[in-house]
Amino acid sequence: MDGRPLWVYQIKPYLGKLPDKAVKDTETRDRIFTCPSAPEKPTPDSDNSPTPSPFAQYFTNHSSMGKIQGSYGMNRWLYDPTIKQAKAGKTVSKNYWIGNDPRTNFWKVQKQSNHQSIPLFFDCRWREASPSKNTEKYYPQDADDEMGLVANMRHGRTANVSFADGSTKTIPLPELWTLKWTPSWTPPANLPKVPW
């Protein structure tokens, strides 16, 4: 992936557009970004933040590339080389980029992962998620946890996840904690029980 903003904008030009319209001017085939189980849009377009409901769409806007409504997210650790996490008083990079090249090469990432399941796209309350601690909880147990963007009740006790190797699976929610979200991810000793 290159330096343009957000995965949804990088994919949007490939989805097609209306004749004689610029990509940013189309409402596009934006529905492809929306899960049928998340039809609601309860917040105003000025709210560029995670949706408060697992059954709702988020809204995001870019000055030169237009608006997107959606209900799927991407593993942010796979495409943003600038994300860092403070640890023991210093900043540590925890991303999936290879060598000195910040552009993600999914084939190389998957090959180096020792066949561990690296989530790529998934049901989400925001356009991306970057779980960083195996102690993060389900939504709405802790509204600030990144895992809660993915681990919610949209599909009951499961979530749909596409992986960097091209496979897609329906995952029982506790198993989200067993996926390789970051290169340093370690699953918890006990998987958290679904609270509903």
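The values are calculated or read from the model by the stated rules, or taken from the named source; none is laboratory data. Fair warning: this is a prediction, and the values are worked out from it, not measured in the lab. A quick note on method: Cβ atoms are made from the backbone with ideal geometry, for glycine too, and the neighbour counts reach across all protein chains shown.
Values computed for the structure shown
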read-out	value
Evaluation of R157 against (1) closer than 16 Å to W77 by Cα; (2) surrounded by fewer than 19 Cβ atoms within 10 Å (Cβ to Cβ); (3) in contact with a helix residue (DSSP H, G or I) (Cβ under 6 Å, 6 or more places away or on another chain) (one fails), failing number	(1)
Condition check for K169: part of a strand (DSSP E or B) and at pLDDT 90 or above	yes
Residue satisfying condition, being modelled with pLDDT under 85 and among the small types (G, A, S), within set S93, S71, S37	S93
Single match in L191, L176, L149 (criterion: at pLDDT 95 or above, of a type outside the set (K, R) and in contact with a Cys (Cβ under 6 Å, 6 or more places away or on another chain))	L149
Every residue from region 165-179 that is closer than 18 Å to D145 by Cβ, in contact (Cβ under 8 Å) with a residue 24 or more places away in the chain and either surrounded by 19 or more Cβ atoms within 10 Å (Cβ to Cβ) or touching a helix residue (DSSP H, G or I) at 6+ places or on another chain (Cβ under 8 Å) (or both)	L173, L176, W177, L179
First in region 37-63 and touching a residue at least 40 places away in the same chain (Cβ under 8 Å), second anywhere and β-branched (V, I, T) and in a loop (DSSP other than H, G, I, E, B), Cβ under 7 Å, 6 or more apart	T51/T43; Y58/T51
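Matching residues to (1) under 21 Å from T34 (Cα atoms); (2) modelled with pLDDT of 70 or more; (3) of a type in the set (A, V, I, L, M, F, W, C); (4) not in a loop (DSSP other than H, G, I, E, B):
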| site | (1), (2), (3), (4) |
| --- | --- |
| P50 | yes, yes, no, no |
| P81 | no, no, no, no |
| Q85 | no, no, no, yes |
| T104 | no, no, no, no |
| H115 | no, no, no, no |
| F122 | yes, yes, yes, yes |
| N134 | no, yes, no, no |
| Q141 | no, yes, no, no |
